[in-house]
Amino acid sequence: MSIGSRHDVPSTSCVRRAALEQQPYISRADDAADARELWFVTVTVGGGALAQNEVREALERLSVERAFVVSIRYDRNCAQIRYWDECDDAGQATLQALSLWGSAEVFDELPGWRVSGLEVLDLLSAQHSGSPRVYALGEIVPFDE
C-alpha cells in the first residue's frame, strides 16, 4: 500500500502532499490563515542485525513510498530517517511519525525492527541542532560516511 492511499494518517500536510505529487511546495499568501508549523522529525528504527545491503535496499523502497524524506543514515542494526513535516504542533508530528514509520509495512521490509527513538524539533531548534549535513535531498548513506 502506498503512503498516498493510507487512511490512518490523520491529515496530509501541504509539504507531504507536494512530495507525494512530486511537485515543489510553494506557500501561497492565501495559506496564511491555515498556516501550520514546520517540524524536523528524526525517527530511529532498529533491531537484529541484517545484511547491510539488505537494509539499504529496504530503505530505498520505503523512501520511494515516502518521497518527503530528507535523508536516511543506516547500519546493519539501525536506521535514522529524517524529514520535515507540517503540523499544528509537536504532538501531531509525533503521531504522524509513529503512524508512518511504526507500521507493519515498514517492519515487513525490516523484519524484527521497531521504532526505538523519535525526535521532533521546531524550525529554530532544528536549525541550531548538530544534525549531520545533508548533501543531497533523499540521500541514503551508511553511518560511517
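Numbers at a glance
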| read-out | value |
| --- | --- |
| Selection from segment 101-127 of residues that are under 18 Å from F40 (Cβ atoms) and either in contact with a Phe, Trp or Tyr (Cβ under 9 Å, 6 or more places away or on another chain) or at pLDDT below 85 (or both) | V115, L118, E119, V120, L121, D122, L123, S125, A126, Q127 |
| Pick from segment 109-130, criterion surrounded by 11 or more Cβ atoms within 10 Å (Cβ to Cβ) and out of contact with any strand residue (DSSP E or B) (no Cβ under 7 Å at 6 or more places or on another chain), ranking: nearest to L38 (Cα to Cα) | S125 |
| T94, sole failed condition from (1) outside any helix (DSSP H, G or I); (2) among the β-branched types (V, I, T); (3) out of contact with any helix residue (DSSP H, G or I) (no Cβ under 6 Å at 6 or more places or on another chain) | (1) |
| Residue in segment 88-101 that is surrounded by 13 or more Cβ atoms within 10 Å (Cβ to Cβ), polar (S, T, N, Q) and under 21 Å from E54 (Cα atoms) present | no |
| Number of positions in segment 101-128 that are touching an Asp or Glu at 6+ places or on another chain (Cβ under 9 Å) and either closer than 18 Å to V64 by Cα or part of a loop (DSSP other than H, G, I, E, B) (or both) | 4 |
| Residues located in segment 47-96, provided they are more than 13 Å from W113 (Cβ to Cβ), charged (D, E, K, R) and touching a residue at least 60 places away in the same chain (Cβ under 8 Å) | R56, E60, E65, R66, R73, D85, E86 |
| For R36: the one exception among (1) within 26 Å of D122 (Cβ to Cβ); (2) modelled with pLDDT of 90 or more | (2) |
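Okay, residues lined up against (1) touching a strand residue (DSSP E or B) at 6+ places or on another chain (Cβ under 7 Å); (2) of a type in the set (K, R); (3) in a helix (DSSP H, G or I):
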| site | (1), (2), (3) |
| --- | --- |
| V45 | yes, no, no |
| N53 | no, no, yes |
| A58 | no, no, yes |
| L62 | no, no, yes |
| R73 | yes, yes, no |
| R76 | no, yes, no |
| R82 | yes, yes, no |
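The values are calculated or read from the model by the stated rules, or taken from the named source; none is laboratory data. Given the structure is predicted, the values throughout are model-derived calculations rather than measurements. Cβ sites come from the backbone with ideal geometry, for glycine too, and all protein chains shown count toward neighbours.
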